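A short worksheet on the structure shown next.
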Amino acid sequence: MEKNTLGKRIKEARLAKKMTQSEVVGDFITRNMLSQIESGSATPSVKTLEYLCKVLEIEPNTLLPDENDSINAPDAEGYISIRKEFINKNYKAVIEYDADDEFSDEICALKAKACLMEAREYSGSDSATDLQKAIDLAKQASELSKRGIFADESVKSKADELLKANAKRLSDYYRSLL
């Protein structure tokens, strides 16, 4: 495996945990050494790799290359395309995107955020149908936010709050019909 690929994966794992380099290194290695590892200018020892995996709460095999450790161009194009849809706030396209590729963790994270954003949109309505859609999307956001290396507790928390609020509103709506 190339040094920069290993370093990139370590950096991605650190950023996914929203940790600074200083928080990761502790007293085990220097921040400068971690910076060199992440940039690919230094190769970590096995002990350092074990330490980093422990601190970042990841399995060592997530840092190892696949047998064919190269980016599949169509997969990369699909990810770039769906990322543009997210940036352009076309959340429905992100949610409907169906691909099982090497970018599945990234796409899962985008889908979780897209579901949350769509749930917020439907939450603004007084329609029972829209509230139910908001609930379904919030559930989906909560589930997706727990998956992969980019699992995001803040998205899960926001989705769960939205789910509870809309479930209460929907319950109150049906109660008012009695």
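What follows draws every value from the coordinates through simple rules; no lab data is involved. Just so it is clear, the structure is predicted and the values come from calculations on it, not from any experiment.
When every alpha-carbon pair in the stretch 103-158 is counted, what percent end up more than 20 Å apart? For the stretch 103-158, the fraction of Cα-Cα distances above 20 Å is 22 percent.
By how many nm would the segment from Met19 to Glu161 lengthen if fully extended, with 0.36 nm per residue of separation less the alpha-carbon distance? Each step should come with its number before you reach the end.
Numbers: separation 142, 0.36 × 142 = 51.12 nm, distance 2.48 nm.
Taking Met19 through Glu161 to full extension adds about 48.6 nm, to one decimal.
Each residue of the stretch 25-31 was assigned a 3J(HN,Hα) from its phi angle through the Karplus curve 6.51 cos²θ - 1.76 cosθ + 1.60 (θ = phi - 60°); the sequence is 6, x, 9, 7, 9, 7, 5 Hz, with glycine and proline shown as x.
Shape of the stretch 3-62 from its Cα gyration tensor (a ≥ b ≥ c, root eigenvalues): rounded if a/c is under 1.5, otherwise prolate when a/b > b/c, or oblate? Please report the intermediate quantities before stating the final value.
Working: a/c = 1.17, a/b = 1.04, b/c = 1.12.
Rounded is the answer for the stretch 3-62, as its axis ratio a/c remains below 1.5.
Calculated over the stretch 73-176, the projected area of the Cα convex hull averaged across directions stands at 6.3 nm². The angle separating the long axis of helix 46-56 from the principal Cα axis of greatest extent in the chain is about 20 degrees.
Please report, to one decimal in angstroms, the Kirkwood hydrodynamic radius of the chain built from all distinct Cα-Cα pairs.
Numbers: mean 1/r = 0.0545 Å⁻¹.
Across the chain, the inverse of the average 1/r is 18.3 Å.
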